[in-house]
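Written out below as structure tokens is the structure these notes cover.
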Amino acid sequence: VSSLLSGYGKVNYSFDDKYLIETSLRLDGSSKFGPSQKFGLFPSVAVGWNLHNENFLKNSQIFNSFKIRASYGQLGNESIGLYQYQNLISATNGLETSWGNSNITWETVNMFDVGADISFSKASRFSLTFDYYNKITNDIILKPAVSLVGGIGQAPLNAGSVKNEGLEFTLNYSPKVGKNWNMSIKPGITYNKNTLV
């Protein structure tokens, strides 16, 4: 059995519906980690710019909306097995069967994204979304290989990092079909590169 305690705060600010900012702070605590490592603090910030509300685009005949955005944030992952911070003892013979590590802590996901959401004039019924993202997961919990001569399994460590970097592009076309029907055609392209850091 495990337990999770979380607290979350968020602040949004918009100036003239042109410049947008959102910040948040999340505090998570998990019983899966040792007494000194139970809690992790994870911040994030996102900004946006509604170009379509600027004077130079307000009366545009091409764009219905045009938003540029960027964000950076952290998330914690505690999806690990139970009792990995403790040494485990066999109920049969009283001998240790697995080493624990009281210093293991949250895996941290660092995510950066920049993109744009654009919809063209209502008559065209076209819109598109573009994103570039860079996601690095640090302190991944691994169990490095050790000699089994002593009969005791590996102790877990925060020892791994993985990077995912990619692009996503989606084009949407929403033609009107008759009086009461609409349809949406949404082709997309995704590219992702995964690297063991």
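State all residues of the stretch 75-132 that are surrounded by 15 or more Cβ atoms within 10 Å (Cβ to Cβ), closer than 30 Å to LYS176 by Cβ, out of contact with any Leu (no Cβ under 9 Å at 6 or more places or on another chain) and among the charged types (D, E, K, R); if no residue qualifies, say none. The one that is surrounded by 15 or more Cβ atoms within 10 Å (Cβ to Cβ), closer than 30 Å to LYS176 by Cβ, out of contact with any Leu (no Cβ under 9 Å at 6 or more places or on another chain) and among the charged types (D, E, K, R): ARG125. Scanning the stretch 7-20 for residues that are among the hydrophobic types (A, V, I, L, M, F, W, C) and open to solvent by 70 Å² or more (accessible area, probe 1.4 Å), which turns out farthest from LEU82 (Cα to Cα)? For the stretch 7-20, the residue satisfying everything is PHE15. If you go through the stretch 180-197 and keep only what is open to solvent by less than 100 Å² (accessible area, probe 1.4 Å) and either under 14 Å from ASP131 (Cβ atoms) or free of Cβ contacts under 8 Å to residues at least 12 places away in the same chain (or both), you end up with MET183, GLY188, THR190, ASN192. For the stretch 1-27, a residue qualifies if it is of a type outside the set (A, V, I, L, M), in contact (Cβ under 8 Å) with a residue 12 or more places away in the chain and out of contact with any helix residue (DSSP H, G or I) (no Cβ under 8 Å at 6 or more places or on another chain), and the qualifying residues are SER2, SER3, SER6, GLY7, TYR8, GLY9, LYS10, TYR19, GLU22, THR23, SER24, ARG26. Residues in the stretch 73-91 that are assigned to a strand (DSSP E or B), aliphatic (A, V, I, L, M) and either at positive phi or under 26 Å from the mean Cα position of the chain (by Cα) (or both): LEU75 alone. Pairs meeting the criteria (first residue in the stretch 154-172 and in contact (Cβ under 8 Å) with a residue 60 or more places away in the chain, second residue outside any loop (DSSP other than H, G, I, E, B), beta carbons under 9 Å, at least 6 apart or on different chains) are PRO156/ILE141; PRO156/LEU142.
With the condition kept exactly as written, say whether any residue in the stretch 51-68 is among the β-branched types (Val, Ile, Thr) and over 22 Å from PHE120 (Cβ atoms).
no
Return yes when SER30 is touching a residue at least 24 places away in the same chain (Cβ under 8 Å), open to solvent by less than 70 Å² (accessible area, probe 1.4 Å) and in contact with a strand residue (DSSP E or B) (Cβ under 7 Å, 6 or more places away or on another chain) and no when it is not. Steps first, answer last, please.
Values: touching a residue at least 24 places away in the same chain (Cβ under 8 Å): yes; open to solvent by less than 70 Å² (accessible area, probe 1.4 Å): yes; in contact with a strand residue (DSSP E or B) (Cβ under 7 Å, 6 or more places away or on another chain): yes.
So SER30 passes the test.
Can you work out which of the residues in the stretch 53-72 that are of a type outside the set (A, V, I, L, M, F, W, C), at pLDDT below 95 and open to solvent by 40 Å² or more (accessible area, probe 1.4 Å) is nearest to the chain's Cα centre (by Cα)? The extreme case among them is ASN64. Scanning the stretch 41-52 for residues that are surrounded by 14 or more Cβ atoms within 10 Å (Cβ to Cβ) and either more than 11 Å from LEU20 (Cα to Cα) or free of Cβ contacts under 8 Å to residues at least 12 places away in the same chain (or both) gives PHE42, SER44, LEU51, HIS52.
The values are calculated or read from the model by the stated rules, or taken from the named source; none is laboratory data. None of these values were measured; they are calculated from a predicted model. In this analysis, Cβ positions are derived from the backbone assuming ideal geometry, glycine residues included, and neighbour counts consider all displayed protein chains. Side chains are part of the model used for accessible areas, which takes the heavy atoms of the whole protein and leaves out ligands, DNA and RNA. Shrake-Rupley method; radii C 1.70, N 1.55, O 1.52, S 1.80 Å.
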